[in-house]
Amino acid sequence: MVIGSTCQPCHCHDNTDPNMLFSDCDGLTGECHSCMHNTAGAHCEICAPGFHGDAVNAKNCTRCNCSPCGTASCDPHTGQCQCKPGVTGPHCNCCEDGAFGYESCSGCRRCDCDAAAALVQPCDPRNGSCACQPGVNGPNCRQCAPGYWDYSPEGCKKCECKHGRCDPRTGECHCGDGLTGKQCDSCSNRNSVPVQHRHDMTCEPCDSCVIVLLEDLDKMKDNFGSVAHQLTNLNTSSITWAQLNNLSRSMDDIANAIENYNSTLDESRNRADMLEGEIMTINSDISDLEDKMVAAAEKADSLGNSSSNTHQRAQALLSHMMNIMGELEELMLQENRTGLNETQVEQEEDDLSEKMKQVEAMLREMRFKSCVGQKKIADRELSEAKKLLAKVKDQLVSRVVDNEGLVKNVRERLGKFHDQLMDLRDALNQAVNNTALASDTNAVNEKKLEDCQVTQTEIVTHTQTHRSMYALTHTHVEACTHTHTHTHTHTHTHTQKHVCIHTHTCGSMHTHTQESSMSV
């Protein structure tokens with residue numbers, strides 16, 4: 001509105017709420033508020049973002065057929081989709097060749113697979129990862145994988161290290177704590193030994209027995225030089241050779257003792273590995289038993305559903321039989337109206353009464369039994385019964401005069417129906433047998449489920465026993481037999497002997513005997 005001019009009507013192109021008496025627009029600028037019908041603009045003259053069409057004349061603004069994730073904008077007149085960077089397709093619904101990252105909804109980025117060890121093929125359209133040569137990893141194939149070295153266009157070489165990784169540039173093995181050597185197969189500490197733990201090698205300290213033996217060997221080695229020097233200045237005599245022989249035998253005994261200890265230690269470790277393997281096997285058996293228990297439970301549920309379906313089918317069959325009984329009663333009433341011979345009628349009524357008693361007995365039996373898989377048979381019998389009823393009605397209406405022939409025909413039909421009912425009774429008996437078999441199967445499955453639970457409890461107890469034996473064996477390996485005899489020759493002779501006996505038989509028994517004597 002301009003000062004001094006007159007008020008103008010709002011011009012919103014009829015794209016505002018028609019229920020309002022006046023158009024909703026700004027009192028000064030005339031800008032329309034609350035544009036409807038998917039329109040926008042100062043006067044509701046264009047389609048709203050994401051819609052295209054004619055907002056003024058045709059008033060047919062419709063939603064653009066563009067993917068929201070890959071579309072930057074939509075032409076308001078033609079509806080053509082303007083895709084985000086790296087996105088293509090008529091609906092902006094996929095990345096361009098050699099691009100990835102459509103799910104981010106911020107456009108697609110170019111694949112970076114130009115590294116020397118990258119294979120020549122498009123990258124993964126979801127995360128942009130490249131296919132690499134053997135031994136190379138990383139999203140762009142620019143580095144060797146752990147355990148490989150010597151990056152090249154043909155890939156990386158595998159490290160020739162038994163334990164630990166190698167330098168990705170030089171291939172030099174990186175040893176763990178305490179390990180040394182070209183293949184990381186020895187310990188830097190002389191009082192430690194390399195021990196294999198599954199796929200890793202670690203250094204474990206020697207026990208006190210081995211350390212004492214190593215120290216004695218070092219002392220003997222240090223004394224060899226002086227002994228050799230003394231031997232050069234001494235004449236060979238029987239006493240000297242005897243001492244040397246005793247010393248040689250002592251060294252052999254010490255070496256044998258060390259070898260026996262190492263063999264015992266290896267045997268104990270092998271037993272521990274065997275126990276660990278048995279524990280893993282037992283855990284696998286437990287998992288298999290749990291799977292079998294789940295399968296048995298599913299089978300029991302399936303049998304329960306089958307029993308429910310059988311009961312429903314039996315109810316439906318019972319309803320059909322009740323309908324047949326109603327039709328038979330109606331047939332008997334029609335026979336009474338035809339004025340048949342009283343003797344024949346009475347005979348027929350007796351026969352029909354007997355048949356009805358049989359049918360009622362069969363129905364009572366059916367109420368307490370269930371059928372499995374007999375729906376088709378029941379439908380076929382129902383169809384035959386309906387056909388029989390229709391034929392009987394036609395004969396009663398068309399041949400009222402010939403009562404005797406009609407009664408004979410009815411008897412024949414009733415005989416056939418009786419045979420069919422006998423067949424149905426046989427089918428019911430078969431259904432009863434199937435139901436009993438299903439009940440027996442359910443009982444067997446429940447017994448198997450209980451056996452599986454008992455077996456699982458026994459396996460858990462057995463596993464705990466094996467773990468206790470493993471811990472006890474590990475304690476026994478760390479123990480040692482320590483015998484140390486030291487003799488001093490002085491004015492008095494003191495002899496002290498320590499004997500430590502360790503015996504392990506499903507437990508631990510320790511006997512410690514100490515003998516001490518003094519003599520002058």
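Since every read-out is calculated from the coordinates, none of them should be taken as a lab result. If you're wondering where the values come from, they're calculated on a predicted model, not measured in any experiment. Neighbour counts run over all protein chains shown; Cβ positions are idealised from the backbone, glycine included.
Could you calculate the FRET efficiency of residue 19 with residue 97 from 1/(1 + (r/R0)^6), where r is the beta carbon distance between them and R0 is 51 Å, rounded to 0.05? Walk me through the numbers before you get to the answer.
Values: r = 53 Å, r/R0 = 1.04.
Once rounded, the FRET efficiency stands at 0.45.
What nm value, rounded to one decimal, do you get for the distance between residue 289 and residue 170 when each label is placed 7 Å out toward the C-beta?
Output for this residue pair reads 5.5 nm.
Expressed in nm to one decimal, what extension gain is obtained for the pair residue 271 and residue 316 from 0.36 nm per residue of sequence separation less their Cα-Cα distance? Don't skip to the end; give the middle numbers.
Values: separation 45, 0.36 × 45 = 16.20 nm, distance 6.77 nm.
Value of the extension gain: 9.4 nm.
Provide the FRET efficiency to the nearest 0.05 for the residue 58-residue 106 pair, computing r from the beta carbons and using R0 = 30 Å. Don't skip to the end; give the middle numbers.
Details: r = 35 Å, r/R0 = 1.16.
After rounding, the FRET efficiency stands at 0.30.
Would you calculate the separation in nanometres between label points at residue 5 and residue 380, each defined as 7 Å from the Cα along the Cα-to-beta-carbon direction?
9.2
Along the charge dipole of the range 94-188, which of 115, 147, 183 sits closest to the positive end, that is, farthest toward it, with unit charges on the beta carbon of Lys, Arg, Asp and Glu (+1, +1, -1, -1)?
Result: 183, furthest along the dipole toward the positive end.
Ratio of alpha-carbon Rg to the 2.2 N^0.38 Å globular estimate for the range 1-63, to two decimals, please.
Details: Rg = 12.5 Å, N = 63, 2.2 N^0.38 = 10.6 Å.
That works out to 1.18 for the range 1-63.
Within the range 96-130, which residues have the backbone N less than 20 Å from the label spot 7 Å out from residue 154 along Cα→beta-carbon, could you tell me?
115-120
Between residue 202 and residue 462, what's the calculated FRET efficiency when r is the beta-carbon distance and R0 is 30 Å? Round to 0.05. Walk me through the numbers on the way to the answer.
On the way: r = 30 Å, r/R0 = 1.00.
The pair residue 202/residue 462 has a calculated efficiency of 0.50.
Pairwise over distinct Cα atoms, reciprocal of the mean inverse distance: report the Kirkwood radius of the range 1-154 in Å, one decimal place. Let's see the in-between values first.
Values: mean 1/r = 0.0511 Å⁻¹.
The answer is 19.6 Å.
Assuming 0.36 nm per residue, please report the length gained on full extension of the stretch residue 472 to residue 442 beyond their Cα-Cα distance.
Working: separation 30, 0.36 × 30 = 10.80 nm, distance 4.54 nm.
6.3 nm is the gain from fully extending residue 472 to residue 442.
In whole Å, largest first, what are the principal axis extents of the Cα atoms in the range 116-186?
Computed over the range 116-186, the largest-to-smallest principal extents equal 48, 22, 14 Å.
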